[in-house]
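Data first, discussion second: the structure below is written as structure tokens.
Bear in mind that the values in this text are calculations on the coordinates, not laboratory data. Because the structure is predicted, anything quoted here is derived from the model rather than measured. Every residue, glycine among them, receives a Cβ derived from its backbone with ideal geometry; neighbour counts consider all protein chains shown.
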Amino acid sequence: MAHQGHADALIVGGGPAGLSAAIYLARYGRSVLVFDRDHGRSTHHQVNRNYLGFVDGIAAIDLREIGRRQLLRYPRAAVVHHLVDHVRRDEDGTFTAHAQGHTWTGAVLVLATGVVDHYPHFRDWETYVGTSMFWCITCDGYENRGKDVLVVGHTDIAAVEALQLHSLTDRVRLLTNSHTSSISEKYGRRLAGANIPVIHDRIASAVGEGGRLEQIVTAGGLTLPLEALFSIQGATPEARLAHELGVTTSRIGYIAVDTEQKTNVPGVYAAGDITALHSHQVSAAVHEGAQAASAANYYLYPPELKVQ
């Protein structure tokens with residue numbers, strides 16, 4: 001392993017949470033290293049229209065690029081395009097990150113690793129994400145009002161999403177896309193009462209062009225025209241590094257933090273979708289990144305600069 005240097009703060013994840021934390025720490029005068037794989041929700045073709053200050057919305061990819069340019073104006077900040085495959089906390093409290101044959105050390109660690117969404121997989125599925133295939137009614141429900149919407153999922157959570165979307169459009173169907181369905185009788189009745197058809201079948205293929213879905217073809221031979229697909233098949237937190245460090249996570253894998261984004265391990269903070277502390281929104285991620293950075297900066301002060 002070739003050691004590449006030391007920074008006050010190591011930040012794993014270059015999305016809105018990680019970049020926010022990095023900018024705040026850089027402005028505190030700290031040296032910062034961000035590990036970014038160009039991976040995650042903010043790398044899809046998503047336009048964020050909820051974030052204050054962008055009248056016409058801003059593409060998540062563009063927000064990342066603006067944030068990165070903003071960060072790199074600070075001379076003690078850098079971005080490394082490596083996958084961190086291992087992190088350890090040494091006896092002196094220093095963190096060592098291993099990435100693709102190299103190591104870096106840092107005094108604090110911010111985990112902003114996000115989640116992996118479980119989208120339905122069919123040919124070229126990634127080209128539709130953020131344009132006509134979505135996961136969040138808060139982010140994209142308004143733009144799809146009145147449209148022909150297909151909700152994909154086999155749980156009560158998917159049923160609730162379909163019922164909520166029904167307040168924006170009366171053309172909603174639910175496709176389980178599963179061999180089994182976990183939708184309870186109660187929510188089955190509610191779907192029926194709202195005239196939302198439930199189709200128990202799996203996706204075989206999709207027809208579309210330029211990121212716009214036109215049809216879903218099922219394994220059972222059905223052709224379902226649509227204008228938007230909302231995938232409610234869940235997400236998995238990217239918490240592998242947290243587990244290595246002994247960081248406490250919830251039953252479903254999200255990192256447990258307090259309101260300052262502190263974990264149970266001294267010097268380790270977490271921000272963004274990986275925490276599920278707030279709703280999975282860009283505004284929440286930016287806020288949590290700022291909180292994590294401020295707490296980490298205070299942790300780095302010597303005792304004479306802290307309130308005793």
Between the helical axis of 16-27 and the dominant principal axis of the chain, each derived from Cα atoms, what acute angle in degrees is found, rounded to the nearest 10? 20 degrees
The chain: relative contact order in percent, alpha carbon pairs under 8 Å with at least 6 residues between: 21 percent
The range 217-264: which trypsin sites (Lys or Arg not before Pro) are DSSP loop and have at most 13 other beta-carbon atoms within 10 angstrom? ARG251
Report, to the nearest 10°, how far helix 60-71 tilts away from the longest principal axis of the Cα atoms in the chain, using its own Cα long axis and a range of 0 to 90°. 10 degrees
Among VAL198, VAL110, VAL12, residue whose mean-square fluctuation peaks in a GNM of the chain (springs only between Cα atoms under 10 Å): VAL198
Starting from the Cα of LYS147, draw a straight line to each of the aspartates and glutamates and keep only those under 18 Å, dropping any in the same chain fewer than 8 residues away. GLU161, ASP170, GLU209, GLU214, GLU227
Under the rule rounded for a/c under 1.5, else prolate if a/b exceeds b/c, else oblate, using alpha carbon gyration tensor axes a ≥ b ≥ c, the range 21-95 is classed as prolate
Selection of trypsin sites (Lys or Arg not before Pro), the range 27-121, meeting DSSP coil and at most 11 other Cβ within 10 Å: ARG73
For the chain, what does -39500 (n - 2.57) per DSSP helix run (n ≥ 4), summed and divided by total residues, give at 222 nm, in deg cm²/dmol to the nearest 500? -7000 deg cm²/dmol
With a ≥ b ≥ c from the Cα gyration tensor eigenvalues, square-rooted, and the rule rounded for a/c under 1.5, otherwise prolate when a/b > b/c and oblate otherwise, the range 119-231 is oblate
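Would you please name the chymotrypsin sites (Phe, Trp or Tyr not before Pro) within the range 131-183 that are DSSP coil residues with at most 16 other C-beta atoms within 10 Å of their C-beta?
On the way: sites: PHE134, TRP135, TYR142; in loops: TRP135.
When the chymotrypsin sites (Phe, Trp or Tyr not before Pro) of the range 131-183 are filtered for loop state and at most 16 Cβ neighbours within 10 Å, nothing remains.
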In terms of Cα to Cα distance under 30 Å, which lysines are near enough to LYS262, apart from those fewer than 8 places away along the same chain? LYS306
